[in-house]
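Heads up: the structure comes next, in C-alpha cells.
Read-outs throughout are calculated quantities, based only on the coordinates presented, and are distinct from any laboratory measurement. The structure displayed is predicted, hence computed values, not measured ones. Don't worry about glycine lacking a Cβ; one is built from the backbone with ideal geometry, like all the others, and counts go over all protein chains shown.
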Amino acid sequence: MDPASRTPLEMYRRMVRIRLFEAAATRLGARGEITGALHTATGQEGEIVGACMALHADDYMVGNHRSHGHPIGKGAGLNKLMAELLGRSTGVNRGKGGSMHLADFSVGSLGETSIVGSGFPTAVGAGLGAKLQKSGRVTLCFFGDGASSEGTFHESLNLAALWKLPVIFLCENNGYAITTSARKGVSVPDIAVRAAGYGIPGHIVDGQDVLAVFEVTRTAVLRARAGDGPSLIEAKTYRFNEHASALPKLNYRPADEIERWRARDPIALLSKHLAATGLAATAVLEAIDAEVQSEVDAAVSFAQSSPSPDPAEAYDHVFVDPIVPLRS
Amino acid sequence: MAKTNYLSALRDAMAETMREDPRVFLMGEDVELNVYGSSQGLHAEFGADRVMDVPLSEAAVIGAAAGAAMVGMRPVVDITISPFLYPAADQIISIIAKAHYMYGGQTRVPLVIRSCMFYNVNNAAQHSDRPYSLFMSIPGLKIVVPSDPYDAKGLLKAAIRDDDPVLFFEDVNLWGSNSEIPEADYEIAMGKAAIKRTGTDVTVFAIAGTVPMALKAAAEMEKEGVSVEVIDPRTVKPLDVATVLASVARTGRFVAVDPAHRTGSVASEIAATVGEHLYDKLKAPILRVTAPDVHIPFAGSMEKGLFPSVQSISAAVRKTMSYRDSAI
C-alpha cells in the first residue's frame with residue numbers, strides 16, 4: 001500500500017464503502033433478493049478500517065460472521081462481494097459462502113468464519129507460515145467480545161506468544177454477544193488485560209476513532225514485523241443495528257446507551273475531524289460519498305445481472321482432487 | 001529390499017518428503033524426542049523450524065496447521081492418540097474440511113493430521129478410539145487407514161504430496177509388523193484398494209489391524225476348501241467402491257470387517273453400497289464383523305472379545321458359505 005492510500009481520506013472512503021455497501025445489502029435483504037442472515041458492522045467501521053489500513057496490501061486478515069466490513073476494509077472490490085451475497089456464480093466464493101463467509105484471497109482476506117472463535121487458529125497458522133517463510137507478512141485477526149470466551153482465544157494467544165508470531169488480535173468489543181452483554185459473558189471489564197496472561201502487550205482503544213485504531217494497530221504491526229510477537233488490541237465499539245437482519249428487536253440494550261453510541265458514529269467523527277483540521281472540505285467528503293454510492297450501485301447491478309450457479313457446481317471444490325467422482 | 005517395521009516406514013516417509021519439499025514440516029506432541037517412535041532423528045536432521053513440539057492445545061495446533069497450509073506450507077501434525085482429535089473437531093470439520101469449498105476454491109488446505117489408534121491394549125474408553133468412521137461423513141476430508149508398513153509409507157508420502165487435507169490413522173496393533181520396502185521412492189495412490197489375497201468364494205473387506213486377521217482367516221478357510229478374497233481399502237475416504245463391487249460380483253458373498261463401532265462404520269457404508277449395486281448377484285446376506293456399540297472397557301477380559309478376531313472373521317465366512325448354492 002503506498003503512503004498516499006493511507007491518508008485519512010482513504011480511511012473515510014473505506015468506511016463509507018462499508019456503510020453504503022451494507023445499507024444496500026440490507027435493502028436487498030428486506031426485498032428478499034438476499035436470503036439468509038446479514039450481520040452488519042454499521043457503527044464499527046472505524047475499528048475495521050483503522051486496523052486494516054495499518055497493514056500492507058499483502059498482509060493477511062482473518063474475520064468472523066460479521067463479515068462484510070473486514071474484506072472491504074482490507075481493500076476488496078465490491079462487485080464480487082455483492083454477487084456473493086446474492087448467491088451468484090460471479091460471487092467471490094462462487095456462491096458457496098454467502099454473507100457470513102466472505103473471503104477475498106487476492107487482498108489477503110483468508111476468510112470470514114461463522115463459528116465464533118474458529119478464526120483464531122487460522123490467524124496463528126498464517127503467522128506461523130509467514131515466520132517459517134520469512135515473508136515478513138503479518139496477520140490481523142478480528143474477533144468479538146463473545147469470542148474471547150472461547151477456548152481457541154486462549155489457546156491461540158498462548159501459541160502465538162510462545163512462538164513470537166506476527167499476529168495482531170483485534171477485539172471488536174461491541175458489548176454484546178447477540179443479546180448477552182459482555183458484563184454477563186466476560187470475567188473482566190477490559191478484554192485487553194488478558195494479554196498479560198500471555199506475556200504480550202494489551203491495548204485499549206476507542207473503536208469509534210479510526211485514527212486512534214490506526215495508530216495503535218501500527219504499533220502492533222511494527223512489533224510483529226520486528227519479530228517481537230503478537231499483540232492484543234481491544235477496540236471499544238458498538239453495533240448500531242441488531243445482531244443480524246432476521247432477528248426481532250429485543251430489549252437488551254438501554255435506549256440511552258444506543259443513543260450515546262449513535263452520537264459517536266465513526267464516520268461522522270472523522271468527517272468532523274477532517275473539517276476542523278482543514279484536511280478535507282465538506283464538499284470533498286460529499287464527492288467521496290457520491291463516488292462510493294455509484295460504486296455500490298454498480299456492484300448491485302453487477303450482482304443482479306449475474307447468473308445463479310449451475311446446480312452441478314455444488315459438486316465442485318469439495319476436494320482439489322476428488323480421486324473418485326462425487327456424483328454417482 | 002530391506003525389512004522395515006511400521007514406525008520406521010512412517011519415519012522414512014516423513015524424512016524423504018521433508019528432504020524433497022522445504023514446505024513440509026512436522027508439528028506434534030512430543031515429536032522432538034521421538035516418544036512414540038516414528039520421528040527418530042528427524043529433529044536432528046531438520047532442526048527446530050521443521051520439527052517442532054507443540055503444547056497441549058489441539059484446537060490451536062491443528063487450526064494453525066490449517067492456517068499455515070492456506071499460506072503455502074505443507075504441515076504434518078502428529079496428534080499422537082486419536083481421541084485427542086476431538087478438542088480440535090471444530091477446526092477439522094468447520095475450517096479444514098470446508099475452506100476449499102466454502103471459499104469457492106480460492107484456497108487449499110494441504111495438511112496431514114496423523115494420529116494413533118491404541119485399541120485392544122487396555123487403555124479404556126477415552127484412549128481406545130477408532131474415529132475414522134466419525135470423520136468419514138464429513139465431505140472434504142481424505143482418510144487413510146493403512147494395514148502394513150509398505151502401504152503406510154507409500155500412503156503417507158501420497159498424503160503429504162496431496163493438495164487436500166488428509167486424516168492419517170495409525171493402528172498401533174500393526175507397530176510390530178514388517179514389510180519388504182524398496183530403497184527407491186514409491187507412492188501409493190489414495191482411493192485405491194489393494195486385493196491382499198485373491199479368492200473366488202467370499203470377499204472379505206478389512207481395515208487396518210483387521211487385514212492381517214482377515215488374511216489369517218483366509219488361510220484357515222482355505223484348509224476348509226473355501227477360497228477367500230481379502231480387500232483392504234487403504235483409504236476409507238475416498239473409498240474404492242469399484243474394486244469391492246468387482247470382487248463381490250465374482251464371489252457373490254461379502255463380509256465387511258471393521259474395528260470401529262458398528263453404527264455408522266465403514267463396514268456399514270460398504271455393506272450398504274454392495275447391497276445397492278449387487279442385490280441380484282448375492283448368494284448370501286452381507287455380514288459385518290465390527291466392534292459392538294459399547295464403550296471400550298479397561299479390563300482385558302471385557303475388551304478383547306469386542307474387536308474382530310481371526311475366529312470371528314472365519315465364523316462370518318463360514319456363515320456366508322452356509323448359504324451355499326441356495327438363493328436367498
Whole-number D in µm²/s for segment B:132-252 (Stokes-Einstein; Kirkwood sum over Cα pairs; 10 °C, 1.306 mPa s)
106
Between residue B:3 and residue B:89, the two model label points (7 Å from Cα along the beta-carbon direction) sit apart by a distance in nm of 4.2
What's the average, rounded to a whole number, of partner chain beta-carbon atoms within 10 Å of each residue's beta-carbon in A:95-101?
3
Tilt relative to chain B, helix B:149-161 - C-alpha long axis, 0 to 90 degrees, to 10:
50
Give the separation of the Cα centroids, segment A:128-142 to segment B:213-227, in Å.
56
For segment B:23-65, take N as its residue count and report Rg(C-alpha) divided by 2.2 N^0.38 Å.
1.10
Which residue, A:160, A:296, A:105, has the largest displacement toward the positive end of the dipole of chain A when charges sit on each Cβ (Lys, Arg +1; Asp, Glu -1)?
A:160
For segment A:184-271, the convex hull over Cα atoms projects on average to an area in nm² of 7.6
Kindly express, to the nearest 10 degrees and within the range 0 to 90, the angle between helix B:310-321's C-alpha long axis and the longest C-alpha principal axis of chain B.
40
Test of understanding: what is the full-extension gain from residue A:58 to residue A:273, defined as 0.36 nm times their sequence separation minus their Cα-Cα distance?
74.5 nm
Dimensions in Å of segment B:2-181 - Rg and Dmax from alpha carbons
15.2, 45
Under the classification rounded if a/c is under 1.5, otherwise prolate if a/b is larger than b/c and oblate if not, where does segment A:3-315 fall, given a ≥ b ≥ c as square roots of the Cα gyration tensor eigenvalues?
rounded
In segment A:1-61, how does Rg compare with the Kirkwood Rh, expressed as the Rg/Rh ratio over alpha carbon atoms?
1.07
Expressed in angstrom and rounded, the centroid-to-centroid distance over alpha carbons for segment B:239-304 and segment B:90-119 is 27
First measure r as the distance between the Cβ atoms of residue B:30 and residue A:298, then evaluate 1/(1 + (r/R0)^6) with R0 = 45 Å and state the FRET efficiency to the nearest 0.05.
0.20
Have a look at B:110, A:318, B:221 and report the one farthest towards the positive end of the charge dipole of the protein assembly as shown, computed about the Cα centre with Cβ charges (Lys/Arg +1, Asp/Glu -1).
B:221
Taking chain B and counting helices only, DSSP H stretches of n ≥ 4 at -39,500 (n - 2.57) each over all residues, the nearest-500 ellipticity at 222 nm comes to -9500 deg cm²/dmol
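How many percent of DSSP beta bridges within chain B run antiparallel, rounded to 5?
Beta bridges within chain B, antiparallel portion: roughly 25 percent.
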Mind jotting down the distance between the C-alpha centroids of segment B:123-139 and segment A:258-299, whole Å?
55
Give the average over all directions of the projected area of the C-alpha convex hull of chain B, one decimal, in nm².
16.8
Residues residue B:295 and residue A:324, FRET efficiency given R0 of 35 Å [Cβ-Cβ distance, rounded to 0.05]
0.55
For segment B:194-321, report the % of Cα-Cα distances exceeding 23 Å.
24
Between residue B:200 and residue A:106, the two model label points (7 Å from Cα along the beta-carbon direction) sit apart by a distance in nm of 6.3
Can you compute the FRET efficiency between residue B:227 and residue A:313 using 1/(1 + (r/R0)^6), with r the Cβ-Cβ distance and R0 = 45 Å? Round to the nearest 0.05.
0.45
Of the DSSP beta bridges with both residues in segment A:3-315, give the percent that are antiparallel, rounding to the nearest 5.
10
Toy charge model, Lys and Arg Cβ at +1, Asp and Glu Cβ at -1: segment B:94-253 dipole around Cα centroid in debye, rounded to 20, equals 420
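Please arrange B:58, A:242 by counting, for each residue, the other beta carbons lying within 10 Å of its beta carbon, fewest first.
Fewest to most other Cβ atoms nearby, the residues stand as A:242, B:58.
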Count, lysine Cα pairs under 26 Å in segment A:3-315, 8 or more residues apart or across chains:
14
Against the longest alpha carbon principal axis of chain B, how many degrees, from 0 to 90 and to the nearest 10, is the axis of helix B:58-70 turned?
80
Using DSSP, restrict attention to beta bridges with both residues in the protein assembly as shown and report what percent are antiparallel, rounded to the nearest 5.
20
What is the total of Lys pairs in chain B with C-alpha atoms under 21 Å apart, excluding same-chain pairs fewer than 8 positions apart?
25
GNM result for chain A, Cα springs below 10 Å: residue of A:266, A:254, A:307 fluctuating most strongly:
A:254
Kirkwood hydrodynamic radius (Cα pairs, Å) of the protein assembly as shown?
26.7
